[in-house]
Amino acid sequence: MFDNSPVIVGLEIGTSKVCAVVGEQNASSGLNIIGLGQSRSRGVRKGEIADASVVAEDIRNAIVEAEQMADVEIRSVFLGVTGGHIRGFTNRGVHPVVSADREICEEDVEDVVKNAKAVNLPAENYVLHAIRQNFLVDGQDGIIDPVGMLGARVEVDVHVIHGKFNRLQNPVRVVKGLQVEVDAIVFNGLASSLALLSPEQKEMGALVIDMGGGTTEYVVYSGGNVKHTGVLAVGGDHISNDLAYGLKIPLSKAEDLKIKHGAACFEDTDKTKSVSTESQLGAPGKTINLEHLRKIMSLRIEEIFELIEQELVGAGLLDYLRAGVFICGGGARIPGIQNVAERYFQLPTSIGKANSISGLKSALDQPEFATAIGLVKFGSMQQKKRTRQGFITQAFKETFGGLLRRS
Amino acid sequence: MDFIHQTPTSERFTKISVLGVGGAGCNAVTHLAREPLAGVTLAVLNTDAAALARLSIEPRIVLGKQATRGLSAGGDPERGRAAAEEDASSIQALCDGADIVFVVAGLGGGTGTGAAPVAARIARESRALVFGIALMPFEFEGARRQRQAALGLQELKAVADGVIWLPNQKLLKLVDDKTPIVEALDHMNSYVARTIVAIWGLLTRPGIVQVDFAALRAVTQGRHAESSIAIAEASGDDRAREAAEKLVAHPMLEGGALLTEANQVLVSILAGPAFSMGEVHHLMERINRVCDGAHITVGAAVDARLGDQLTVTLIASRGGADSSAAALLAADAASEGLNPFRPAKTKPDQAETPRLRKQTARLRQTQLPLDIISRGRFEKSEPTIHHGQDLDVPTYIRRGVALN
């Protein structure tokens, strides 16, 4: 029943596109991207499903395309989820070591992690991820594995990413409706950061901003651990909407102008330049000042960065990002966005590219596919864990059981 | 009208127009027409052409032939207002040359509530002094009509020099419960007519102690004041005491309750030739005792036709913090020469200034000037609220960045 094929599929149901990436665990245990399928998303608003039947159709198209390209049959996927309801926070668990010789054993570690995961959340919330960070033994920080050490008290920080159960279930149900199994649901921001960051960058501290169509996710790594995650339900759609409203043009034209002439900042020379939209289907063409266009865009983009910056300042993390800022998602395509981010965070900024993965160059180079590639990577890590444990059934229980029992 | 030109200006009649607006207003004016008054022209205005055709008074004006097609305003003051604005020129023609214009309307419905303030404004624009007589709805007509009437009253007060209101509920107490409805309404209408006659008499009849328009205005002007009128008649030896007791227990004055709370009172006594000083004293002492602390103005006149009858008209106002200020203003206006007994058009520039000021103070229910900002494609989705801001609204709008 359980298919342990080396094919790992990441499926992202985004606001602007649905994208399926097929990865293969090759012999040397490296990950290879062998297929990519995508289709335009029509039924998603702000990262969440608004029209399930349309979304189902879009998913089918993307999966079929990926299957053809990779020449495999897709039976199960790692599904990326997002939405404004998803929150992340760090919780600390404490456990006293009771054994006579004060040696910390496996059970102590299990207990302390269990304590840290026991967070007080409303009943309708579901914990997506509980990511273990460093241990503390008797107040000594930075311990990666405390088993075998001596101490009276073990503590651990767990970063908990949670969201509303029903809203997280919607995409799962749509995918299952297509006779495709869901191996696990993964927070999109986390997936993107997995694709983008190398272990060294995670160690140095980095901020990943995934600016998508409907939402912007951000993840902060420091000291090799996830320190902060968050979602802003603001994205590229908002930029188009602002343009349509401000320039009084139809939404489709606004989208078009954003892609052709948009930029994250404006220069004095833009004042004298103008662009025009073509007239079509009765809608007359319009000449638009380039400065207006870019001003509206830049204000929105700056605001997004500002909100993230405020959040990080509040969490006291801005000084720990030595590796810099990495931007991915469709928003990374906006010319000049790097400079704006550099200005806001006072950190080196780069457009994120998937690394430590081989395969389709066309997919790896593009910031839009970071999430889907990250999902594949997440899947490969899960599988590695499973084979290490050797208990397939238990792994099955872990992934599904949690999802189905919601506890 | 030649008559006016022939007589010296000091002795000429004050020209008064009475405009009955809406159904109730028309009925009251019809009642008034039963005994002709010197120097008074009557006119009826209504949006309901059929109701108007049944009346015998000329001129009759159907308001808003286009706005309502002569089919009444249907209880909507906005339509009543629109109808009156449409026929502004014919209303203007009615007010032309009048010194004082009475606007009589039943508030709460469509035409009375909407058109009366417009008619009052037009009258004011044609340089007449405007006095409103507002009939307030019965309690059984419901809260909506009461509210509508209250709004209409505010509007009317803002444009008129003075407004007296006659709540139907109080008028109802003037008649016996068992009185047939037609008779009861007739009785109430006749009271309204008598009110108008009384005010007319007050202003036009040469008196021993004269009450002028400024005094009337001082009592009835306050924006938030509530002015009521009561009329009492008595005859015989003990007529002064009898009239005083009748007034103090008058249903229009809430059985005297209004008198105790009143801060402005105007009393006009009219009697036959046998009118004595002692009677004035007795009457005023009784009234003074009830309305403690009110500013009282007294007028007295003798009319040979009344025989041994004594008529007391009392106008009382309560509430309205600005009424004392209004009294001062009225006194100022009076010293400036706003006396209606001088020809209104001789000193137009002096009359101009206070009127312009009042016109700007005109009240109107408007929408708050809040911009409704479209959330565009996110109209139907869950709003993204972040620290109290709706992030779906374009940033440049929230930050007030101008695009030009």
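The values are calculated or read from the model by the stated rules, or taken from the named source; none is laboratory data. From a predicted model like this one, the values you see are computed outputs, not experimental measurements. Positions of Cβ are backbone-derived with ideal geometry, glycine not excepted, and every protein chain shown enters the neighbour counts. The protein model used for the area step is the full one, side chains on, heavy atoms only, and it has no ligands, DNA or RNA in it. Shrake-Rupley method; radii C 1.70, N 1.55, O 1.52, S 1.80 Å.
Suppose we take every Cα in region A:9-75 and form the convex hull; what volume per residue is that in Å³? Provide the component values of the computation, followed by the final result.
Working: hull volume 5.3 nm³, N = 67.
For region A:9-75, the hull spanned by Cα atoms encloses 79 Å³ per residue.
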Checklist entry - How much accessible surface does A:His238 have with a 1.4 Å probe, in Å² rounded to 10? => result 0 Å²
Checklist entry - What ranking of A:Asp210, B:Asp176 comes out by heavy-atom accessible area, probe 1.4 Å, highest first? => result B:Asp176, A:Asp210
Checklist entry - Please state the Cα pair-distance histogram of region A:45-129 with 5 angstrom bins from zero: what percent is in each bin? => result 3, 10, 13, 13, 11, 11, 9, 9, 9, 5, 4, 2, 0
Checklist entry - Each residue of region A:216-226 in turn: what ³J(HN,Hα) in whole Hz from Karplus with 6.51, -1.76, 1.60 and θ = phi - 60°, glycine and Pro shown as x? => result 10, 9, 9, 9, 10, 10, 7, x, x, 10, 6
Next on the checklist: Could you tell me the center-to-center distance, by alpha carbons, between region A:344-361 and region B:237-256 in angstrom?
Outcome noted: 96 Å
Checklist outcome for this item: Any residue on another chain or 5+ positions along whose placed amide H is under 5 Å from the amide H of A:Ile8 is listed here as A:Gly23, A:Glu24, A:Gln25
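Could you give me D for region B:72-228, from Stokes-Einstein at 25 °C and 0.890 mPa s, where the hydrodynamic radius is the Kirkwood radius over C-alpha pairs? Units µm² s⁻¹, please. Display every interim value, and only then the final one.
Details: Rh = 16.2 Å.
In µm²/s, the coefficient rounds to 151.
Within chain A, which DSSP H helices have Cα atoms that stretch 27 Å or more along the helix axis and a mean Kyte-Doolittle hydropathy of at least 0.0? Present the calculation step by step, with values, prior to reporting the outcome.
Details: long enough: A:290-315 (37 Å, 0.23); A:370-389 (28 Å, -0.67).
Long hydrophobic helices here: A:290-315.
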Next on the checklist: For a Förster distance of 22 Å, can you work out the FRET efficiency between the beta-carbons of A:Glu73 and A:Ser53, rounded to the nearest 0.05?
Outcome noted: 0.40
Checklist outcome for this item: Ranking A:Tyr344, A:Tyr126 from most to least accessible area with a 1.4 Å probe gives A:Tyr344, A:Tyr126
Checklist outcome for this item: Quick calc of log₁₀ I(q)/I(0), the protein assembly as shown, Debye, one scatterer on every Cα, no solvent, q values 0.11 1/Å, result -1.07
Checklist outcome for this item: Charge tally for neighbours of A:Arg87 with beta carbon under 12 Å away, counting Lys, Arg as +1 and Asp, Glu as -1, is -1
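State the antiparallel share, in %, of DSSP beta bridges confined to region A:200-352, rounding to the nearest 5. Intermediate results must be reported in sequence, preceding the final value.
Numbers: 18 of 26 bridges.
Of those bridges, close to 70 percent are antiparallel.
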Next on the checklist: Order B:Asp308, B:Asp99 by their accessible area, 1.4 angstrom probe, all chains in place, largest first.
Outcome noted: B:Asp308, B:Asp99
Item to check | Gained length - A:Glu106 relative to A:Leu150, 0.36 nm times residue gap less alpha-carbon distance | outcome: 14.6 nm
Checklist outcome for this item: Summed over the other residues with a beta carbon less than 11 angstrom from that of A:Asn188, with K and R at +1 and D and E at -1, the charge totals -3
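Quick one: work out the % antiparallel among DSSP beta bridges in the protein assembly as shown, nearest 5. Please list the in-between numbers first.
On the way: 82 of 137 bridges.
Antiparallel bridges: around 60 percent, rounded to the nearest 5.
In deg cm²/dmol and to the nearest 500, what is the mean residue ellipticity at 222 nm of the protein assembly as shown if only DSSP H runs of at least 4 residues count, each as -39500 (n - 2.57), divided by the residue total?
Numbers: 29 runs with 318 residues, N = 811.
So the helix-based figure for the protein assembly as shown works out to -12000 deg cm²/dmol.
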Checklist entry - Roughly what % of DSSP beta bridges within chain A run antiparallel, to the nearest 5? => result 75 percent
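At a threshold of 8 angstrom on Cα-Cα distance, excluding pairs fewer than six apart, so keeping six or more, what relative contact order does region A:87-161 reach in percent? Don't skip to the answer; put the middle values down first.
On the way: 150 pairs, mean separation 35.8, N = 75.
Dividing the mean separation by the residue count of region A:87-161 yields 48 percent.
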Next on the checklist: As an exercise, find the ratio Rg/Rh for region A:200-352 from alpha-carbon atoms, using the Kirkwood inverse-distance average for Rh.
Outcome noted: 1.05
Checklist entry - Over what distance in Å are the Cα centres of region A:235-278 and region B:86-158 separated? => result 54 Å
Checklist outcome for this item: Cα convex hull volume per residue for region B:1-153, in Å³, equals 109 Å³
Next on the checklist: If I take all pairs of Cα atoms in region A:276-375, what percentage of them are more than 21 Å from each other?
Outcome noted: 51 percent
Checklist outcome for this item: One point scatterer per Cα, no solvent, Debye formula: log10 I(q)/I(0) for region B:226-286 at q = 0.22, 0.25 Å⁻¹ comes out as -0.90, -1.11
Checklist entry - Amide H of A:Asn125: which non-local residues (sequence gap of 5 or more, or other chain) have their own amide H closer than 5 Å, using H built in the peptide plane? => result A:Phe165
Item to check | Cα centroid of region A:8-67 to Cα centroid of region A:143-177, whole Å | outcome: 25 Å
Next on the checklist: For a quick check: with amide H placed at 1.01 Å from N, whose amide H comes under 5 Å from B:Leu42's, ignoring anything fewer than 5 positions away on the same chain?
Outcome noted: B:Val18
Checklist entry - Are any of the pairs A:Lys260/B:Lys380; A:Lys117/A:Lys176; A:Lys202/A:Lys384; A:Lys46/A:Lys361 more than 24 Å apart by Cα-Cα distance, and if so, which? => result A:Lys260/B:Lys380; A:Lys117/A:Lys176; A:Lys46/A:Lys361
Next on the checklist: With a 1.4 Å probe and all protein chains kept in place, how much accessible area does A:Lys385 have, in Å² rounded to the nearest 10?
Outcome noted: 100 Å²
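State the volume of the convex hull built on the alpha-carbon positions of chain A, expressed per residue in Å³ and rounded to an integer. Intermediate results must be reported in sequence, preceding the final value.
On the way: hull volume 61.0 nm³, N = 407.
That works out to 150 Å³ per residue.
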Next on the checklist: With equal scatterers on the alpha carbons only and no solvent term, can you work out the Debye log10 of I(q)/I(0) for region A:87-161 at 0.12, 0.15, 0.21, 0.23 1/Å?
Outcome noted: -0.32, -0.48, -0.82, -0.94
Checklist outcome for this item: For region A:200-352, the percent of accessible surface on carbon and sulfur atoms (probe 1.4 angstrom, ligands and nucleic acids excluded) is 49 percent
